[in-house]
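To start, the structure itself, in structure tokens.
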Amino acid sequence: MSVELTAAQDVEMFTPSLSSQQQRELAERLTTFLSQFSHLSDSFIIEFFTEDLWHTLPSSWQPVLQDLSYPQIADLLLDATHGDRRYPSVWPLSLLAFRATAHALAFPRECGREQGRTPGSVKPEEFQENQSQSSLLGHIFRKHVKPKKQHEIRKLGMLVKQLCDQTDCSRVVDVGSGQGHLTRFLSFGLGLTVTAIEADHTLVAVASRFDGQLLWALEKEKQKKNCSFQLPTSQSFPRHVAGWVNPKASWEAFIKQLSTADSSSEAHPTPSGPSKKRLRSSEHRRGRPREVQTHGSTDSDGRSRDSESSSQHQLSGRTSEEQTSSGDCCSCLQPVCPELVHPEENSLPGYPDFVLTGLHACGDLSATLLRHFVSCPHVRGITSVACCYMKITTKENPAPPGLVEPPVLLTPGQEPLPSEFGYPMSSWVRGLSGHRLSYKAREGACHAVEDYVRRLREESELLRTHCYRATLETFIRDTRPDLRRAGIQTIKKAHLLPFTEYARLGLARVGLPPELPLDPERVETMLRQQGRVVVYFSLALLLAPVVETLVLLDRMIYLQENGVDSQLVALFDPNFSPRNFVLVALKPRE
């Protein structure tokens, strides 16, 4: 498979799928529907008992839902593609309409080319031979990269390359570049000139070190095979810039930031082998870096969600992946090897045109990149993959948890302009009466529906965790009424623990006596309602793709209001990479 063949197959993805009028009409339907069921999307499952959430459901829904098995919940509620729906009882029309509307309004999450996957398989076909090695990505790009990221950088990299071909640009700016996995594939694999910007100086140093290791591996392979690699004459090494992208700054400031390489970055890495001694001495010269953590984030409900650990918090969206994947199998896509000499610095008086990309750019960073795309004449195209919607700023919640940015001094009585917030971006959605999305609704949109469906069908013991946490919340509130939704974080293998042990660990984490007396009969009564807890959570989860659709549609309408058509592509396999939508846009030619 060649780059040219893949690009040709993907051309149709750049044609707008919805007209301007269709986008606006869909936004109206989405806001109307979501505002009608905001009590579901805004609810916290840990308050299932304290707020008696079950009885907030329509009375006609309760009897038909309470006795559903877990596989039935998956088939009858959450799986939009399931064809053989056999109802154990007659469902009320209002429930059927709720489910059908939620599925109809959400953008389809399945990628067409992934529909032929092996039945029961979680990972894409490229991982069928080796669970940790993509058969479609050269082994040199798999080092330090987990399978999920291998899948993402390959598919997004090819898409960025196609945009570059269509815009006659050979330059890319990768924002929130982290350890530079996508950057290396774009540069060394696809022959593009890449500037990578990352807020965390430690990750910039790691990216430069990994660049050196890749060069060392290329030189070693070149000597081993005694052959020369194809080399584009315009090829240069990735340029790493350490910097925080301020969402309030102008595009001119952004370009200036790109033009000035940070003194700690290594613009021209030297080939270096993976010697631990060498790496340790390198770290010592830079100053010992702080620990870089990879986390699968969990919310206050104790649920896992798909989110990237972020060095720029809401503004970088790049996971720190230190797992090393080795493998020597040949790939149909081989790296483009640059000459092992320092390239000439770019001495052009003006900044060249480029394509902008951000892989899982967190919170407001995705919105910021779209604004720069619209305003900056140098940006010809963009691919935007968002994540962490709960960290998006809104008028109602201008400083959500996890938001980190420098203080903005406002004069007394001055308020930020509506256009400065991450949602809504478009004037159209901002004018719709039901457009508001709470922090909880946006947080819910980060959850992995496919993963939960899998747990339901497997009747996983992990489903027990929600009921455990909701039960514990009642005893916390009894003791400390002011302590609401306290963050317990993840308790290791909580689903395998007896509730008493889970409670002991959880109480200690919120500062309450671990041996707090628990009424056994009351505990048992609540634990018997686990099925209801799972059903209620599934109803709320049904709205997650709808909320995500509204957030992304708002961005499409924003682009359209600024004269740019866009396309939302379900590029990644949602079973493998839940935040799988890529917003793609090209500026019309002059």
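The values are calculated or read from the model by the stated rules, or taken from the named source; none is laboratory data. Being a predicted model, the structure only gives us computed values, none of them experimental. When we count neighbours, we look across all protein chains shown, and the Cβ atoms used for this are built from the backbone with ideal geometry, even at glycine. Side chains included, ligands, DNA and RNA excluded: accessible areas come from the protein's heavy atoms. Shrake-Rupley method; radii C 1.70, N 1.55, O 1.52, S 1.80 Å.
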**OP:** With a 1.4 Å probe and every protein chain left in place, tell me how much accessible area residue 47 has, in Å² to the nearest 10.
**Re:** 10
Subject >> Descending Cα extents along the principal axes, the range 140-215, whole Å >> reply: 34, 24, 21
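How much length would be gained if the chain were fully extended between residue 97 and residue 66, taking 0.36 nm per residue of separation minus their Cα-Cα distance, in nm to one decimal? Mind dumping the intermediate values first?
Numbers: separation 31, 0.36 × 31 = 11.16 nm, distance 1.84 nm.
The span from residue 97 to residue 66 would gain 9.3 nm if fully extended.
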Subject >> Paired Rg and Dmax values of the range 411-551, which use every Cα atom, in angstrom >> reply: 19.4, 58
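If I take R0 = 45 Å and measure r between the Cβ atoms of residue 483 and residue 250 in this structure, what FRET efficiency does the formula 1/(1 + (r/R0)^6) give, to the nearest 0.05? Don't jump to the answer; show the numbers that get you there.
Details: r = 44 Å, r/R0 = 0.97.
After rounding to 0.05, the efficiency reads 0.55.
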**OP:** Once you have the Cα-Cα distance between residue 427 and residue 220, take 0.36 nm times their residue separation minus that, and quote the gain in nm to one decimal.
**Re:** 69.0 nm
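Based on the mean of other Cβ atoms within 10 Å per residue, sort peptides 191-201, 213-223 so the most packed one is first. Spell out each step's value before the answer.
Details: 191-201: 25.2, 213-223: 17.2.
Going by the mean number of other Cβ atoms within 10 Å, highest first, we get 191-201, 213-223.
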Original post:
Which pairs, out of 395/440; 161/587; 143/220, put more than 18 Å between their alpha-carbon atoms?
Top reply: none
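For every other residue with a beta carbon closer than 15 angstrom to the beta carbon of residue 523, add +1 if it is Lys or Arg and -1 if Asp or Glu, then tell me the sum.
-1
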Original post:
Around residue 57, what is the net charge, scoring Lys/Arg as +1 and Asp/Glu as -1 over all other residues with Cβ under 13 Å from its Cβ?
Top reply: -1
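Please work out the Kirkwood hydrodynamic radius for the range 437-495, using every pair of different C-alpha atoms, and report it in angstroms with one decimal place. Each step should come with its number before you reach the end.
Numbers: mean 1/r = 0.0739 Å⁻¹.
Taking every pair of different Cα atoms in the range 437-495, averaging 1/r and inverting gives 13.5 Å.
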Original post:
Two-decimal Rg/Rh of the range 483-569 from alpha-carbon positions, Kirkwood Rh?
Top reply: 1.24
**OP:** Output the peptides 82-92, 528-538 sorted from most to least packed, where packing is the average of other Cβ atoms within 10 Å over each peptide's residues.
**Re:** 528-538, 82-92
